[in-house]
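**Student:** I am attaching a structure below and will ask some questions about it afterwards.
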Amino acid sequence: MTLTYVASGFAVGLLVGLTGVGGGSLMTPLLTLLFGVNPAVAVGTDLAFASITKSAGTVAHRVKNNVHWKIVKHLCIGALPAAVLATLALKYFGTLDKSIGQIIRYSIAFSVILTVIAIVFRGRMQNWMNSHPEKQLHGQKQIAATIIAGAVIGTLVTISSIGAGAVGATILVLLYPRLSPAEIAGTDIAYAVPLTALAAFGHWWLGSINWELLFMLLVGSIPGITIGSLAARSVPEKFLRGLLATTLTGVAVKLVL
């Protein structure tokens, strides 16, 4: 079982590094469906996992100059307070309560579906935005939209651990269509680090992190995300994204049923 956890961590880390997608949307359902982990514990453990692995990914992307730090700052202005409020709501309602666990399970499925939509249509969205420059936001409107998007993602990530990857990357495509795919991935991973770290701290406070499981996942994921991040500019994403979208659709159906 230990080797299975390590292999799972490596595979997910590699996908995150290559595409900026696949962390929570794969790891959290994997923990709940394959390993039978309580949904709240799966979310908390995945958030701690994501904060550490994406830190390694951020270092790799920074070396390649793929991170836009002003965008990271504006996303965090919205995301971090939202994560705190979502944590307090989970504390009030009780994360380990069975009914709340079921709600979290459904929120994971909803977030996975959003991820699939983001993966499938992101390229078309970017092409449309680039061909309609009059629709693009600029200046204060762009900053305000970025902060609001950060708040929505911060809430979603804290409850389900999903959203900072594909959903966040798609929002970056819509708001900043001139960024390259590698810059989208690097910026997306960079702002997710403080968000997932804060959300993970909240889940530690709530008692919903499995530290032994976390360690085994990290052993595999850190080399995986480092390799993926360094190769992000040279590996074609189309096949990977198609495979990822198909897998996640099956995961979402399984979670609901």
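Quick note: the coordinates plus some simple rules give every number you see, no bench work behind them. The structure displayed is predicted, hence computed values, not measured ones. Reconstructed Cβ throughout: ideal geometry from the backbone, glycine too, with neighbour counts over all protein chains shown.
**Student:** Which of the peptides 43-51, 194-202, 177-185, 62-70 is most tightly packed, and how do the rest follow, judged by the mean count of other Cβ atoms within 10 Å per residue?
**Tutor:** Listed from highest to lowest mean packing, they are 43-51, 194-202, 177-185, 62-70.
**Student:** Kindly express, to the nearest 10 degrees and within the range 0 to 90, the angle between helix 181-206's C-alpha long axis and the longest C-alpha principal axis of the chain.
**Tutor:** 30
**Student:** Sticking with this one: Using a 7 Å offset from Cα along Cα-Cβ at F93, what residues in segment 147-164 end up with backbone N under 14 Å from the label point?
**Tutor:** The answer is 155-161, whose backbone nitrogens lie closer than 14 Å to the label point.
**Student:** May I ask for the angle, rounded to the nearest 10°, between helix 39-63 and the longest principal axis of the chain, with both axes built from Cα atoms and the value confined to 0 to 90°?
**Tutor:** For 39-63 against the chain, the angle is about 40 degrees.
**Student:** With the crude spin-label approximation of a point 7 Å out along Cα→Cβ, what separation in nm comes out for A7 versus L34?
**Tutor:** 0.8
**Student:** May I ask you to derive the relative contact order of the chain, considering only C-alpha pairs under 8 Å and at least 6 residues apart, and to give it as an integer percent?
**Tutor:** The normalised contact order for the chain reaches 45 percent.
**Student:** Further, regarding this structure: For A231 and L137, compute 0.36 nm times the residue count separating them, minus their Cα-Cα distance, and round to one decimal in nm.
**Tutor:** In short, 30.7 nm is gained.
**Student:** Something else now. For the chain, what number of Lys pairs, 8 or more residues apart or on separate chains, have alpha-carbon atoms under 21 Å from each other?
**Tutor:** Value for the chain: 7.
**Student:** Where in segment 28-71 does the amide nitrogen come within less than 16 Å of the point 7 Å from the Cα of A145, taken along Cα to Cβ?
**Tutor:** Backbone N within reach: 71.
**Student:** Kindly state, to the nearest 0.05, the FRET efficiency for Q102 paired with M125, given R0 = 22 Å and r defined as their beta-carbon distance.
**Tutor:** 0.10
**Student:** If one takes the longest principal axis of the Cα atoms in the chain, at what angle in degrees, from 0 to 90 and to the nearest 10, does the Cα axis of helix 139-160 lie?
**Tutor:** Computed tilt is about 20 degrees.
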